[in-house]
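Engineer: This is the structure I want to talk about, given as structure tokens.
The values are calculated or read from the model by the stated rules, or taken from the named source; none is laboratory data. Source: prediction; values computed, not measured. Here the Cβ positions follow ideal geometry from the backbone for every residue, glycine too, while neighbour counts run over all protein chains shown.
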Amino acid sequence: MADMKDAHVVEIPVDEEHKQKLSCAIQHHPLMEISQSPGHLLLLKLWQREEDLFGRRISLKETRMDSIKREIFQICCFFLTFHGFFFTILFTSSVGTKEHHTCQKWWIPSLVSVSTSLVLSFLVQVKLYRYWKVWNQLQREKVGNRALTRCIQELRMKGASFDLNKEPRTGKRIKSSSVEIKWKPLTWCSQNLITVCLVCFSGLAFAASKFILCGF
């Protein structure tokens with residue numbers, strides 16, 4: 001306490017010229033200009049609100065994509081589990097029975113396997129379609145959010161000199177039609193690779209059912 005009483009406050013004198021420069025700098029600051037201009041202030045508030053809405057929509061779409069990925073994973077796990085039990089039951093039922101009797105009805109388990117596989121593959125394809133649809137929407141939201149963020153930054157930097165008629169513009173990449181046609185099948189295969197694998201596995205399971213019951 002004694003040290004605090006003995007402490008001295010040193011005041012740095014500031015002349016009127018520095019005060020005027022400081023006051024002038026504050027008055028001409030872009031944010032001060034925006035606060036004094038009703039139109040620019042309203043535009044800034046609207047864009048900030050829209051930016052917040054962009055962030056919420058992006059978050060919701062990312063959550064939706066994670067949910068769809070979990071659903072696809074669960075269907076694939078059920079697909080593999082089903083075929084694991086199916087081949088186990090098929091193999092145990094073929095052991096100890098007459099080969100001619102079981103071979104005559106090989107198409108019944110094969111039909112069950114193919115039908116179940118196609119249904120599960122269709123469900124996966126529906127989920128994939130929804131996933132890529134949400135992904136495209138997410139990309140558009142991100143592009144719009146970036147364009148809006150650039151406009152907000154420009155407004156804060158320019159202040160009252162900012163053009164109120166300016167709107168956020170999203171840049172579009174120009175692609176030639178030949179490139180799109182060339183890479184479109186590859187893009188489709190990469191986006192639906194899971195479904196392609198499930199369908200191929202279904203065909204192998206169909207042939208494997210006959211092989212287990214009838215042999216070569």
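Engineer: Please specify each residue of segment 127-170 satisfying the condition of being under 28 Å from Q191 (Cβ atoms), in contact (Cβ under 8 Å) with a residue 24 or more places away in the chain and not charged (D, E, K, R).
Structural biologist: Listed by number, the residues that qualify are L128, Y131, W132, V134, W135, Q137, L138, V143, G144, N145, A147, T170.
Engineer: Sticking with this one: Condition check: part of a helix (DSSP H, G or I) and over 30 Å from K45 (Cα atoms). Does R140 satisfy that? Give the derivation first.
Structural biologist: On the way: part of a helix (DSSP H, G or I): yes; over 30 Å from K45 (Cα atoms): no.
No: the conditions fail for R140.
Engineer: Still on this structure: Let me confirm something: among I58, I26, I75, which residue is modelled with pLDDT under 80 and either in contact with a Gly (Cβ under 9 Å, 6 or more places away or on another chain) or aliphatic (A, V, I, L, M) (or both)? It would help to see each step written out before you state the result.
Structural biologist: Values: I58 fails: modelled with pLDDT under 80; I75 fails: modelled with pLDDT under 80.
Step by step, each of I58, I26, I75 is checked, and only I26 is modelled with pLDDT under 80 and either in contact with a Gly (Cβ under 9 Å, 6 or more places away or on another chain) or aliphatic (A, V, I, L, M) (or both).
Engineer: Moving on to the next point. Looking only at segment 81-97, filter to residues that are exposed (fewer than 11 other Cβ atoms within 10 Å of the Cβ) and within 19 Å of S117 (Cα to Cα); which one of those is nearest to the chain's Cα centre (by Cα)?
Structural biologist: Checking each candidate, the answer is T81.
Engineer: For F122, all conditions in the list (1) farther than 15 Å from K61 by Cβ; (2) modelled with pLDDT under 95; (3) in a helix (DSSP H, G or I) hold save one; what is the number of the exception?
Structural biologist: Only one criterion is unmet by F122, namely (2).
Engineer: Do we have S110 as more than 35 Å from the chain's Cα centre (by Cα), more than 30 Å from R169 (Cα to Cα) and either modelled with pLDDT under 95 or surrounded by 11 or more Cβ atoms within 10 Å (Cβ to Cβ) (or both) here? Walk me through it before giving the result.
Structural biologist: On the way: more than 35 Å from the chain's Cα centre (by Cα): yes; more than 30 Å from R169 (Cα to Cα): yes; either modelled with pLDDT under 95 or surrounded by 11 or more Cβ atoms within 10 Å (Cβ to Cβ) (or both): yes.
Yes; evaluated as a whole, the condition is true for this residue.
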